[in-house]
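Q: Encoded as structure tokens, here's the structure I'll be asking about.
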There are 4 protein chains.
Amino acid sequence: MLRIAVLGAGRIGKIHAANVATNPRTKLVVVADPWKDGVDALAKQLGCEAAYDYASAVDRDDVDAVFIGTPTEFHIELMLRAVKLGKPVICEKPIDMDYERAKAAVEELERLNGRVMLAFNRRFDPDYLRLRRAIDDGEIGVVRQVIITSRDPALAARAYLESSGGIFRDMTIHDFDMARSLLGEEPVEVFAVGSRLVDPTLESIPDYDSVMVLMRTASGRQCHINCCREAVYGFDQRLEISGSKGMLLNENHRSNNVRRYGAEATDVADPLLNFFLERHADSYKIELDSFLDALETNSPMLATPRDGLLALRLANCATESAETGKVVRVGNY
Amino acid sequence: MLRIAVLGAGRIGKIHAANVATNPRTKLVVVADPWKDGVDALAKQLGCEAAYDYASAVDRDDVDAVFIGTPTEFHIELMLRAVKLGKPVICEKPIDMDYERAKAAVEELERLNGRVMLAFNRRFDPDYLRLRRAIDDGEIGVVRQVIITSRDPALAARAYLESSGGIFRDMTIHDFDMARSLLGEEPVEVFAVGSRLVDPTLESIPDYDSVMVLMRTASGRQCHINCCREAVYGFDQRLEISGSKGMLLNENHRSNNVRRYGAEATDVADPLLNFFLERHADSYKIELDSFLDALETNSPMLATPRDGLLALRLANCATESAETGKVVRVGNY
Amino acid sequence: MLRIAVLGAGRIGKIHAANVATNPRTKLVVVADPWKDGVDALAKQLGCEAAYDYASAVDRDDVDAVFIGTPTEFHIELMLRAVKLGKPVICEKPIDMDYERAKAAVEELERLNGRVMLAFNRRFDPDYLRLRRAIDDGEIGVVRQVIITSRDPALAARAYLESSGGIFRDMTIHDFDMARSLLGEEPVEVFAVGSRLVDPTLESIPDYDSVMVLMRTASGRQCHINCCREAVYGFDQRLEISGSKGMLLNENHRSNNVRRYGAEATDVADPLLNFFLERHADSYKIELDSFLDALETNSPMLATPRDGLLALRLANCATESAETGKVVRVGNY
Amino acid sequence: MLRIAVLGAGRIGKIHAANVATNPRTKLVVVADPWKDGVDALAKQLGCEAAYDYASAVDRDDVDAVFIGTPTEFHIELMLRAVKLGKPVICEKPIDMDYERAKAAVEELERLNGRVMLAFNRRFDPDYLRLRRAIDDGEIGVVRQVIITSRDPALAARAYLESSGGIFRDMTIHDFDMARSLLGEEPVEVFAVGSRLVDPTLESIPDYDSVMVLMRTASGRQCHINCCREAVYGFDQRLEISGSKGMLLNENHRSNNVRRYGAEATDVADPLLNFFLERHADSYKIELDSFLDALETNSPMLATPRDGLLALRLANCATESAETGKVVRVGNY
């Protein structure tokens, strides 16, 4: 049983802590957060210790591995601290908001041969894993076109948006990661457009709420991403991959499988699952098992800090493209 | 090109006449109906002759085959007249409302080696034909259970219901035919219940508006039929066949493939196609081609008068069962 | 926090124990099972005590409520023991294999005003709860016809089948419960047929592997159930309710929402979820919350021992009907 | 009854001629084609006259309206000839392969107040018309993003491709028309990428087989089009429109509504309809009725030569963008 410290007792920390506590392969030793009330309550509920500073939890002798769910500003420091102690890490994305700092950290982590999984939740979604398997098994032959739809249910709070780094770095980053993975090749060219169709006042941040991206790889594979900060019908996350032998579609999820028929409408379903916590409840559990599997079999992590860095690079290219109205070569970045 | 007379210029006669007129393998020679205005207008539109009595149209030397879409009371007489002249026939169902008369007619037609197709429209539906092919190809192995759903969009006019022969003989008759065909064996036992949940005053006919049937074949295959004279969401016709290697489902049809998403509901489709004329528009065309194919290749018709007789027998068993509350053995009938 | 003892450390006991351990409203005090190795391992993993006899766990002062997941033969005794101590109970179905013993127990539990939930898992399925809400909200008007499909993925082991009480009492019992609930009225008449289409040797038990049931309520509402011990495509559980204003359909579940398109086939999905443990993973959690809600608000349980008894009565009627080939009046039972 | 001449006895001419012959509001007077055998056979089958030159058929006194389905090079000349005689016209797309010639023709037709419908088949598809109605009724609020998928089942013959004008002008042209219509605003900016993923030898034409387009309107609405000359699973034509109040999806069509379940796969459907003749069989009938409605009510045609010209402009912008790798402003064209 791997003994784990969970850093962060917020929304995402709670989920990870509960999964660690109930996974038969792990033991939750301590949750750490400077927010005393929060961390005390969480520790009590889950029957583990509470710590008020992150570093001490990392350092404990009875902690074998670390789960980082703190604010972004602590990610690099805590990852490096754990890795230098030889402890494997799961770290929430992003590595850092700044590309150069993130790049330096990734290179340092790689130099140290750190065992670090970057927690891109969609990489552990059962649907994504099924797509992955179909592609790897050659079911659709050579990949040609990837289409990614990603819409949040509602505009986030203004304060969140102002510190988010912009829609491409905050939201589309997950889609850039999906794009890289599903294309099977690195995009070499990015074109993006951004609009403010939900809230024109985002111009003062400045940010966009509705964007479309078009990317191409060196061999000519193509990818389109569309993204919007608001979809009244729920959290809309669809993937499509077409290839020489077929196509794969990933449809949305709902809270139930009931369909209603009436005089005006038929096959009526309820709204989509509200947001990522509901949509990815299973992903968080699978993520933990995937981490444990990689450690046990000494295999590569399914998502690495390098993946985070390369997705961030595409987000930066898209941001520049939307601002300049020009195509951006990824290699120039 | 087969030269055809269409008998009957009503709703169904019009459809058959237009299909004969535009099928490249047939020529519409004459439409016949004592209703002069109707038949004159139809003949003018389709560029053929009009006749005011059925028999003379059957007898014409330039008529090779006969399509009977008259009122039921003329079916037996006209089928026999054509068959005795050696002319093949497509005849609308039913053969006759009376089982004994129908039985005698079927035996006479068979004795005369008449080439007669009974126009059970669902036998020529592309969906049914696909189910048929899957079963024949062994896709679901040995058939075990058949479930048939059959609901009309709205209660028919009282006058129609009063002369309909009752829901089992008028409406469920199509489902009994499907049941026989999909089970691949004859039912030996019928149990049925009937209720008046749409219109309690049907008791004075007497008739039911909502029925359920359960049948069993000698080898133990099972079939359920549910039927209702009213479904506010449209004409509901579904088939399900489960077997040792899989299952087949036949879903409903709509006028378009658009799905709507909103804050309250997702994947919303329009109502089902309204009724059999819309639902089976293609079936009527395929029926004609199937008739021509059978003639050209000297093969059996896909639906025969004997099929009509055996479906009527099951309808009679169901009627007796619903009235007595007891199981009816088909062989005793 | 309600302090709970879980009786039984088998397949279902483990699920309930884990749910009790992670539900923030409950504390798992003890798991009890004469199977020492099993109960010790479970207690260790979940951080609670282990007991080797059921009764002592019921009696503990630090146990507020009892969750019975033992073999059926202990159900009545343990329910009554807990109720007499004033402790609320969740008990797995069935109450007892014998109708008369079950009836006596239900009457005694009711006399004692026991707070007992009978764990019909489908009553807590999110899909069923959505259907329930739609019916209660009048979305489909007055219920007319209910159709229930229930197929297991594969024939159970012979030993299980031999002690199961027969398909109607073992498997269709859940469907009888659904039927009662969805019809909104008690069935007054039951007709059933049973066949051995999967395994003819079941005759020696004797039991059936494929059955169809038809039931009617006093007002004429109708219900059909079809049930099979084997469906190669997975655990098939569908519900359909049609009414005066519309229809509700409950479709099956899969492990992912990926659809595959190729040259031969399109919209291809993976098999259905394998069996009830996967299909009803959420139901077991909701069941616990529903129990807690009922206790907190002093409301009726969503499923009671009386519900179990009435479902058993229908199963007995169906068994008799299939054996005699005759319709069985429920009131005569 | 409008008396109509159909020009062209090829694949599309045959479809239009049959629809004219069976529409109760029209009379097919003559079909014209220099291909004598073809036009004679068609005229005989449909009971109308045959002509061997297009112009004489246009000029006939007993012809009220003209349906042009000739090779593209005759479109402008024949449209103008009919319009100058005051005869309304339905003309197959494109107006002309050359933008300047097409532009001059459209301006001349508009100056003459010609009643001309350009036969963009998708404008008359029941699915498109339903989308149109939903948008016009405000069901999805203000349109934000449009996503268009358009894949042909198989690469066309080399000779066809060589004279096609390129994928954007030959195939994507329909999608550009859909984009303009569904966006409700003119695109002002076009970016496109083209690849040869199906057949690398297309470089010698030169042409692409796989393209993606991204467009933006002045108010910031966005549109993505993806297009491929090959999809092994059939003719793939999907539309998606998201707006402030919801989303609309247009799914594909199949030849039947049967779903198959087996041990390996469930809900399996047959391939999509093979190509546009099957997919748009209904559209061609609705197109004729829409033309007749516009004439009778003196309303605008649902698709005009100007629409053809503006779609061609977007195709040219996309061609330039794919060739230069740069964004193209539509206004500069």
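The values are calculated or read from the model by the stated rules, or taken from the named source; none is laboratory data. All values derive from a computational prediction rather than experimental measurement. All Cβ positions, glycine included, derive from the backbone under ideal geometry; neighbour counts span all protein chains shown. Accessible surface areas use protein heavy atoms only, side chains included; no ligands, DNA or RNA. Shrake-Rupley method; radii C 1.70, N 1.55, O 1.52, S 1.80 Å.
Q: Run the simple label-point estimate for residue A:45 and residue A:11 please: 7 Å along Cα→C-beta, distance reported in nm.
A: Between residue A:45 and residue A:11, the simple spin-label model gives 1.5 nm.
Q: How many partner chain Cβ atoms sit within 10 Å of a residue's Cβ in peptide B:284-297, on average, as a whole number? Walk me through the intermediate numbers first.
A: Working: counts 0, 0, 0, 0, 0, 0, 0, 0, 0, 0, 0, 0, 0, 0.
If you average over the peptide's residues, the count of other-chain Cβ atoms is 0.
Q: Let me ask something else about it. For residue B:62, which inter-copy label distances result when the label point lies 7 Å beyond Cα on the Cα-to-Cβ vector, reported in nm to one decimal and in ascending order?
A: 2.0, 10.3, 10.4
Q: Specify the inter-centroid distance of segment C:231-254 and segment B:239-317, based on alpha-carbon positions, in whole Å.
A: Spelled out, the Cα-based centre of one part sits 20 Å from the other.
Q: Can you tell me which of C:26-35, D:190-199 comes out highest on packing, and rank the rest after it, using the mean Cβ neighbours within 10 Å? Present the calculation step by step, with values, prior to reporting the outcome.
A: Values: C:26-35: 21.7, D:190-199: 23.3.
The densest-packed peptide leads the list: D:190-199, C:26-35.
Q: Also, I was wondering about something else. Take the alpha carbon gyration tensor of segment A:123-332, find the square roots of its eigenvalues, order them as a ≥ b ≥ c, and report rounded if a/c is under 1.5; if not, report prolate when a/b exceeds b/c, else oblate.
A: Working: a/c = 1.38, a/b = 1.01, b/c = 1.36.
It is rounded, given that a/c, with a ≥ b ≥ c, falls under 1.5.
Q: Counting alpha carbon pairs within less than 8 Å and at least 6 residues apart, what relative contact order, in whole percent, applies to segment C:22-180? Don't skip to the end; give the middle numbers.
A: Working: 151 pairs, mean separation 22.0, N = 159.
In percent, rounded to a whole number, it is 14.
Q: If we hang a label 7 Å off Cα along the beta carbon direction at residue A:73, how far is it from the matching labels on the other copies, in nm, shortest first?
A: Result for residue A:73, in nm, nearest copy first: 6.7, 7.4, 9.5.
Q: Once you place label points 7 Å from the Cα toward the Cβ at residue B:278 and residue D:74, how far apart are they in nm?
A: Once both label points are built, they end up 3.9 nm from each other.
Q: Could you give the size of the charge dipole of the protein assembly as shown about its Cα centre, using +1 on the Cβ of each K and R and -1 on the Cβ of each D and E, expressed in debye and rounded to the nearest 20?
A: Values: 164 positive and 204 negative charges, 0 e Å.
Computed about the Cα centre, the dipole is about 0 debye.
Q: What's the carbon and sulfur percent of segment A:2-92's accessible surface, probe 1.4 angstrom, rounded to a whole number? Numbers along the way, then the final one.
A: Working: 1930 of 3740 Å².
Carbon with sulfur: 52 percent of the solvent-accessible area.
Q: Hey, another quick one. Can you tell me, using C-alpha contacts under 8 Å and at least 6 residues apart, the relative contact order of segment B:2-92 as a whole percent?
A: Details: 184 pairs, mean separation 28.6, N = 91.
That works out to 31 percent.
Q: Top mean-square fluctuation among A:315, A:57, A:119, Gaussian network model of chain A, C-alpha springs under 10 Å?
A: Highest fluctuation of the listed residues: A:57.
Q: May I ask you to list the chymotrypsin sites (Phe, Trp or Tyr not before Pro) in segment D:269-326 that are in a DSSP loop and have at most 13 other Cβ atoms within 10 Å of their Cβ?
A: Numbers: sites: D:275, D:276, D:284, D:291; in loops: D:275.
In loop regions of segment D:269-326 (DSSP not H, G, I, E or B), the sparsely surrounded chymotrypsin sites (Phe, Trp or Tyr not before Pro) are D:275.
Q: Using a 10 Å cut-off around each Cβ of peptide C:244-254, what is the average number of partner chain Cβ atoms that fall inside?
A: For this peptide, the per-residue mean of nearby foreign Cβ atoms is 6.
Q: Sticking with this structure for a sec: If I take R0 = 22 Å and measure r between the Cβ atoms of residue B:132 and residue B:296 in this structure, what FRET efficiency does the formula 1/(1 + (r/R0)^6) give, to the nearest 0.05? Mind showing how you got there, number by number?
A: Working: r = 20 Å, r/R0 = 0.92.
Efficiency at R0 = 22 Å is approximately 0.60.
Q: A follow-up question, please. Where in chain C are the DSSP H helices whose C-alpha atoms run 27 Å or more along the long axis and whose mean Kyte hydropathy is at least -0.5?
A: Working: long enough: C:305-324 (28 Å, -0.11).
The qualifying helices are C:305-324.
Q: How would the protein assembly as shown be classified by its alpha-carbon gyration tensor: rounded, prolate or oblate, with rounded meaning a/c under 1.5 and the a/b versus b/c comparison settling the rest? Mind dumping the intermediate values first?
A: On the way: a/c = 2.50, a/b = 1.14, b/c = 2.19.
The shape class here is oblate.
Q: Need the full-extension length gain, residue C:37 to residue C:3, defined as separation in residues times 0.36 nm minus the C-alpha distance. One decimal, nm.
A: 9.9 nm
Q: Counting only Cβ atoms, what residue of chain B lies nearest to the axis that sends chain B onto chain A, and how many whole Å off?
A: B:268, 2
Q: Taking a label point 7 Å from Cα toward Cβ, how far is residue D:203 from its twins in the other copies, in nm, shortest first?
A: For residue D:203, the inter-copy label distances come out at 4.5, 7.3, 8.4 nm.
Q: Taking θ = phi - 60°, what integer Hz values does the Karplus form 6.51 cos²θ - 1.76 cosθ + 1.60 yield along segment D:222-235, in sequence order, with x for Gly and Pro?
A: Each residue of segment D:222-235 in turn: 10, 9, 10, 10, 10, 8, 8, 6, 8, 9, 4, 8, x, 6 Hz.
Q: To the nearest 0.05, what FRET efficiency results for residue C:154 and residue A:163 with a Förster distance of 45 Å applied to their C-beta separation? Numbers along the way, then the final one.
A: Details: r = 54 Å, r/R0 = 1.21.
Efficiency for this residue pair is about 0.25.
Q: Suppose accessible area is computed on protein heavy atoms with a 1.4 Å probe; arrange A:144, A:329, B:216 from highest to lowest.
A: A:329, B:216, A:144
Q: Compute the signed sum of charges (Lys and Arg +1, Asp and Glu -1) over the other residues within less than 13 Å, Cβ to Cβ, of residue A:172.
A: Values: positive: A:93, A:122, A:151, A:169, A:180, A:229, A:313; negative: A:152, A:170, A:175, A:177, A:207, A:209.
Here the charged neighbours net out to +1.
Q: I would also like to ask the following. Given contacts defined as C-alpha pairs under 8 Å and at least six residues apart, what's the relative contact order of chain D, whole-number percent? Mind dumping the intermediate values first?
A: Numbers: 651 pairs, mean separation 59.9, N = 333.
Worked out over chain D, it gives 18 percent.
Q: List the lysines whose Cα lies under 17 Å from the Cα of residue D:36, skipping any in the same chain that are fewer than 8 positions away.
A: Here the lysines satisfying the reach criterion relative to residue D:36 are D:14, D:44.
Q: Based on DSSP H runs of at least 4 residues, each adding -39500 (n - 2.57), what is the mean residue ellipticity at 222 nm of chain C after dividing by all its residues, to the nearest 500 deg cm²/dmol? Show your work: numbers first, answer last.
A: Values: 12 runs with 125 residues, N = 333.
After summing the helix terms and dividing by residue count, I get -11000 deg cm²/dmol.
Q: Given a Förster distance of 60 angstrom, what is the FRET efficiency for residue A:142 paired with residue A:61, based on the Cβ-Cβ distance and rounded to 0.05? Please report the intermediate quantities before stating the final value.
A: Values: r = 51 Å, r/R0 = 0.85.
With a Förster radius of 60 Å, E is 0.75.
Q: In addition: Taking every residue in D:231-238, how many Cβ atoms of other protein chains lie within 10 Å of its Cβ, on average? Don't jump to the answer; show the numbers that get you there.
A: Numbers: counts 8, 12, 14, 3, 0, 4, 0, 2.
Rounded to a whole number, the mean comes out at 5.
Q: What does the charge count around residue C:19 come to, taking other residues whose C-beta lies under 14 Å from its C-beta (Lys +1, Arg +1, Asp -1, Glu -1)?
A: On the way: positive: C:11, C:14, C:25, C:27, C:285; negative: C:92, C:282, C:287, C:289.
Once all neighbours under 14 Å are counted, the net charge is +1.
Q: While we're looking at this one, here's another question. So what's the net charge close to residue B:196: Lys and Arg +1, Asp and Glu -1, counting the other residues with Cβ under 9 Å from its Cβ? Can you show the working numbers first?
A: Numbers: positive: none; negative: B:199, B:203, B:207, B:209.
Once all neighbours under 9 Å are counted, the net charge is -4.
Q: Could you tell me whether segment C:56-181 comes out rounded, prolate or oblate from its Cα gyration tensor? Rule is a ≥ b ≥ c as square roots of the eigenvalues, rounded for a/c under 1.5, then prolate if a/b exceeds b/c, otherwise oblate. Mind dumping the intermediate values first?
A: Details: a/c = 2.10, a/b = 1.33, b/c = 1.58.
Oblate shape, in that a/c is at least 1.5 and b/c is the bigger or equal ratio.
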